[in-house]
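**Q** Pasting a structure below so you can have a look.
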Amino acid sequence: MEMKSELNLALHPVTAPPELWERVQSARVRRPQTTSRGFVWAMAATVVLAAVALSLVRSPARQDPPLTAFHCQNPAQLRAWVKANTGFNVPLRAALPASIQLIGARAREGRVEIAYRAGNRDATLLVSRANAGEVSVPHSQVNGKASSWVMDGQRFTLACNDSADFQLACKLCHLD
Amino acid sequence: MLWKTGKDFSRSFVQTKDHGAVTSSMVLDANDRDVIEAIIDGCRRGDADAFRALFEAYKDRVYSIALRYSGNPAAAMDIAQDTFLKLLSRIGDYRSEASFDSWLYRLVVNSCIDDQRRGRRMAPFLDGLIDAVCAPAESVLHKLMRTETEQRIQAVVAKLAPEHRIVIVLRYTEGLSYDEIAGIVGCSPGTVASRLNRAHKILERRLSPWK
């Protein structure tokens, strides 16, 4: 009984500070009032219908080349997928070090882009057909964050978020 | 419709219906279901005055729960603000057959839990101590003792597990029944009784060194 009366005294209701209204008002300005669920659904449906209509209108006039993507962390499987979809032979290492994590690849218009993480940052290896006569061109640094070379008739372009990641990013194909 | 707010908004406010000319003016109680429904309708239509009236009617209850649950005035402000923003964005979900108070209490409880998940640090109460020191000389000692006891209890309550703390706050700050608490936290009245009983025992044990 004594505990309950102590709790009643200690936890009594209080008056909200006057500045609470200002806080709510300023937050409302920063975060506009959410509209009703029905309105949101109606808007979403409108956007989807507009996108479908746009794609139907555009499709006869302009055929975008098909984009195929493959999310995969296994280098052997990814290498096989790239070979099957583009004909490129990308010499990925069979066993990647822990610092390299594959994300996947996407292919379009005779080129393939392999996305992965080197350390904690993104890196991309773009592979395309080399120009006629270009059989082998040594590595060339573009701006410290990208490097390009030609090997076996394929042009490779490696791009990193940070030039410091370059050595690490090379381990996608090269040994330590 | 124009909703005018009066000076004392804790449980009542003044409504004026205005359709070109003032037709009526009356003091309304927040427990008046029809009035609350009318204000809620106004909020659904985006009527800023209706939201202000709702805010004024419930701000103290929302803030009190937030303060007693968090034990921290800054956290309580964040929780109260979050609750009213949720109220505004989800008012369309409220169904009039249910109790608005219970619906709002659920929003507050969820905001309290969300705030805790964000890992807020608990700060000691200082406001009460400052008030006590600033009180007239003859009552300073009494007030300090009272404030110290309240702070100690509040600190121990703030360390209870969330499921125990929320039933304690709803019971002692809001004076809700077991059935009402059960409806808000989503459990049976028996579970509420059990949690309260358990919380009482924990509080007794943790406060016993000071008795």
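**Q** Given 0.36 nm per residue, what is the gain on full extension from B:Ala74 to B:Asp114 after removing their alpha carbon distance, in nm?
**A** Computed gain between B:Ala74 and B:Asp114 is 12.9 nm.
**Q** How charged is the neighbourhood of A:Ile114? Take every other residue with its Cβ under 12 Å from the Cβ of A:Ile114, and add Lys/Arg as +1 and Asp/Glu as -1.
**A** So the environment of A:Ile114 carries a net charge of +2.
**Q** Residue by residue through A:68-77, how many Cβ atoms from other chains fall within 10 Å of the Cβ on average?
**A** What the average comes to for A:68-77 is 0.
**Q** Moving on. Could you work out the mean count of beta carbons from other protein chains within 10 Å of each residue's beta carbon in B:85-96?
**A** The mean count of partner-chain Cβ atoms within 10 Å per residue comes to 3.
**Q** Please work out how much length the chain gains when fully extended from A:Ala76 to A:Met43, using 0.36 nm per residue of separation minus the C-alpha to C-alpha distance, in nm with one decimal.
**A** 7.5 nm
**Q** While we're on this one: Around B:Ser111, under 9 Å between beta carbons, what's the net of Lys plus Arg minus Asp minus Glu among the other residues?
**A** Surrounding charge for B:Ser111 is -3.
**Q** As a quick test, which of the pairs B:Lys86/B:Lys159; A:Lys83/A:Lys145; B:Lys159/B:Lys201; A:Lys83/A:Lys171; A:Lys4/B:Lys159 have an alpha carbon distance above 22 angstrom in this structure?
**A** Long pairs (Cα-Cα over 22 Å): B:Lys86/B:Lys159; A:Lys83/A:Lys145.
**Q** Listing B:Arg152, B:Arg52 from the residue with the fewest other Cβ atoms within 10 Å to the one with the most, what is the order?
**A** B:Arg152, B:Arg52
**Q** What is the mean number of Cβ atoms from other protein chains located within 10 Å of the Cβ atom of each residue in peptide A:99-110, rounded to a whole number?
**A** Mean partner shielding for this stretch: 0.
Computed from the coordinates by the stated procedures, all read-outs in this text should not be read as laboratory data. As the structure is a computational prediction, the values presented were derived from the model and not from experiment. A quick note on method: Cβ atoms are made from the backbone with ideal geometry, for glycine too, and the neighbour counts reach across all protein chains shown.
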